[in-house]
Amino acid sequence: MRHLLALFILASPAAAWDFSAQPICTLTDAAGTITVTYDAALPVYSLTITLPQGRWSDDPTFAMNFAGPRPIFIQTDQHQISPDGRSLTVTDRGFGNVLDGLDFNQRAYAISGDTTVGVSLDGIGPAMAAFRACPAANLA
């Protein structure tokens with residue numbers, strides 16, 4: 001079932017990306033699978049990947065693989081799974097590799113245990129540019 005879910009998401013048409021500056025800087029894909037936030041008051045970034053159905057496995061590591069012209073592979077054990085098991089969140093003060101991975105590649109793959117979710121990064125450019133400019137605007 002989880003592998004079927006991953007194939008369904010991988011076969012989905014390219015999603016649009018949205019940016020909002022209020023109440024905090026937020027970048028999301030149209031399907032709501034990936035949400036990146038930056039709260040300048042803390043200052044803290046977060047990345048949340050939400051499954052449309054199913055649950056993330058309780059694996060000790062979470063990884064992201066960014067595929068494209070500037071591939072990046074990152075991994076952490078500092079992730080949290082929501083009580084319903086559908087959302088996985090990583091929070092940190094530095095997110096340069098995550099932002100670069102999203103910005104300069106074609107696909108992102110979120111991996112934990114036997115669950116892999118792929119998301120198209122097509123069209124992320126304008127929303128990412130606004131997101132990267134947002135922290136300075138919110139500090140004013």
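The values are calculated or read from the model by the stated rules, or taken from the named source; none is laboratory data. All values derive from a computational prediction rather than experimental measurement. Positions of Cβ are generated from backbone atoms using ideal geometry, with glycine treated the same way; all protein chains shown enter the neighbour counts. Note: areas computed on protein heavy atoms with side chains; ligands, DNA, RNA excluded. Shrake-Rupley method; radii C 1.70, N 1.55, O 1.52, S 1.80 Å.
I need the full set of residues from region 24-33 which are in contact with a Pro (Cβ under 9 Å, 6 or more places away or on another chain) and in a strand (DSSP E or B), in order please. Correct list: 25 only. Every test in (1) of a type in the set (A, V, I, L, M); (2) touching a Phe, Trp or Tyr at 6+ places or on another chain (Cβ under 6 Å); (3) open to solvent by 80 Å² or more (accessible area, probe 1.4 Å) is passed by residue 41 save one, and that test is (2). Of all residues in region 80-93, those satisfying the criterion of being open to solvent by less than 50 Å² (accessible area, probe 1.4 Å) and not hydrophobic (A, V, I, L, M, F, W, C) are 82, 85, 87, 89. Checking 24, 34, 81 one by one, the residue that is within 11 Å of the chain's Cα centre (by Cα), among the aliphatic types (A, V, I, L, M) and more than 15 Å from residue 96 (Cα to Cα) is 34 and no other.
Against the condition farther than 28 Å from residue 135 by Cβ, open to solvent by less than 30 Å² (accessible area, probe 1.4 Å) and either in contact with a Ser or Thr (Cβ under 9 Å, 6 or more places away or on another chain) or modelled with pLDDT under 95 (or both), how does residue 11 come out, does it pass? Answer is no for this residue. Restricted to region 94-113, and to residues there that are closer than 22 Å to residue 129 by Cα and polar (S, T, N, Q), the residue that is least open to solvent (accessible area, probe 1.4 Å) is 105. Here the condition is being more than 20 Å from residue 96 (Cβ to Cβ), modelled with pLDDT of 95 or more and among the aromatic types (Phe, Trp, Tyr); of 17, 56, it holds for 56 alone.
Quick check on residue 135: is it in contact (Cβ under 8 Å) with a residue 12 or more places away in the chain and over 15 Å from the mean Cα position of the chain (by Cα)? Considered against the rule, which asks whether it is in contact (Cβ under 8 Å) with a residue 12 or more places away in the chain and over 15 Å from the mean Cα position of the chain (by Cα), residue 135 comes out as yes.
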